[in-house]
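A short reminder: the numbers here are calculations on the coordinates, not readings from a lab. Since we're looking at a predicted model, the values are computed, not measured. All Cβ positions, glycine included, derive from the backbone under ideal geometry; neighbour counts span all protein chains shown.
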Amino acid sequence: MANTISIYNFKGGVGKTTTAINLGISWAKSFKVLLIDFDPQCNLSNSIAPDHESPTIYEYLKKVMHDHEINPRPEEITPYLHVVPGDLQMTQIESNNQFISFGREMVSKLLMHFHREYDFVIMDCPTNFGVLVKSIIGASRNILIPAIADNFSMTGVKTLMTYLAAVENHSLNILGVYFNMFNNNMNLTAKKFEEAKDLFGSLILENTVSRSIKVGEANDAGESIADYSPDNHAAQDFMKLSDELLAKFNSQSLNPEFILPDLLERMKG
Ligand SMILES: Nc1ncnc2c1ncn2[C@@H]1O[C@H](COP(=O)(O)OP(=O)(O)OP(=O)(O)O)[C@@H](O)[C@H]1O
Ligand SMILES: [Mg+2]
């Protein structure tokens, strides 16, 4: 059974798609990985599967909706890295009455068709916290939250946790918040990191990813930063983040500190 991970923050441009691409490519060196692009912007698919010919996420969800048979046929980037491409038509799904009522069940049902084939299913989410995002998070076992220290706020994380609680997925495991585009030399950034660790403890991941122009270049080239520029500091950072997350999966159990109702209670204090 695959580990399902949604990558989400309600702030835009924090590196959700970049994280999905880099973790996906990194983990596909040792595991079988499926990336699903749920964002109608299709940034993930445009980066690593620009010429895809396989069915899109919208086409799969339509089949689920009409109870049609599903034959999973994702795009093969490598034998171990597959992608379900995004689709601009995903903007319509938010106003589909059937999806509004049963979105979570539909995403779960679709995931069932992919579970057995993969070790990890990584889902790139759009930014707005609507029916689609709720359905994706509702159907996920894990969530990873990229954030930027510059615009990181305690209130922002609290709001996000309140949102997550509203999804009512009681088996959701919060892998943690990690800081992307991090500049350790800036006093403000370092201060924000310390403040965040004081307040949220191990919810804040140890590893951060530094800002590098090469990350954007790698995205444009459809590669991970580790393949595109292995000596780059951000490449090293992503590798450490990847290891930190894999260690969490190896521990196999939900971290009791991250159970949402308790977390929300602690944040009130
Ligand atoms: N560590 C980094 N260093 C430099 N640039 C980065 C880094 N991480 C991401 N970027 C760049 O920042 C921009 C936003 O990243 P990305 O698209 O991954 O964010 P997102 O949260 O998915 O955005 P959206 O909300 O639009 O979906 C992109 O141009 C990306 O190349
Ligand atoms: Mg994105």
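Observations on the structure shown:
- Spin-label model distance (nm) - M1 vs M112, 7 Å beyond Cα toward Cβ: 1.3
- With contacts taken as Cα pairs under 8 Å and at least 6 residues apart, the range 1-133 reaches a relative contact order of 43 percent.
- A simple packing score, the average count of other Cβ atoms within 10 Å per residue, orders the peptides 103-114, 62-73 as 103-114, 62-73, with the highest score first.
- Sum of side-chain charges, D227 neighbourhood, beta-carbon under 14 Å (Lys, Arg +1; Asp, Glu -1): -2
- Theoretical ellipticity at 222 nm over the chain - DSSP helices of four or more residues, -39500 (n - 2.57) apiece, nearest 500: -14000 deg cm²/dmol
- Relative intensity, log₁₀ I(q)/I(0), of the range 77-234 from a Debye sum that treats every alpha carbon as a point, q = 0.08, 0.13, 0.16, 0.19 Å⁻¹: -0.30, -0.79, -1.14, -1.35
- Environment charge of F102, counting only residues whose C-beta is closer than 13 Å and scoring Lys/Arg +1, Asp/Glu -1: +1
- Cα-based Rg and Dmax for the range 31-145, where Dmax is the largest Cα-Cα distance (Å): 13.0, 37
- Kirkwood hydrodynamic radius over Cα pairs of the range 10-85, then Stokes diffusion coefficient at 4 °C and 1.567 mPa s, in µm²/s: 99
- Between Y163 and F102, the simple spin-label model (points 7 angstrom out along Cα→Cβ) gives 2.7 nm.
- The Cα-based radius of gyration of the range 145-257, divided by its Kirkwood radius, gives an Rg/Rh of 0.99.
- Radius of gyration, Dmax [the chain; alpha carbons; angstrom]: 17.7, 56
- Extension gain, D227 back to T78 (0.36 nm per residue minus Cα-Cα distance, nm): 52.3 nm
- Take 151-164, 45-58 and order them by the average number of nearby Cβ atoms within 10 Å per residue, most first; the result is 45-58, 151-164.
- Taking a Cβ cut-off of under 10 Å around G86, the surrounding Lys, Arg, Asp and Glu residues balance to a net charge of -4, with basic ones at +1 and acidic ones at -1.
- Computed from the Cβ-Cβ distance with R0 of 45 Å, the FRET efficiency linking E195 to N71 stands at 0.35.
- With the simple model of a label 7 Å out from the Cα in the direction of the Cβ, Q89 to L246 spans 3.8 nm.
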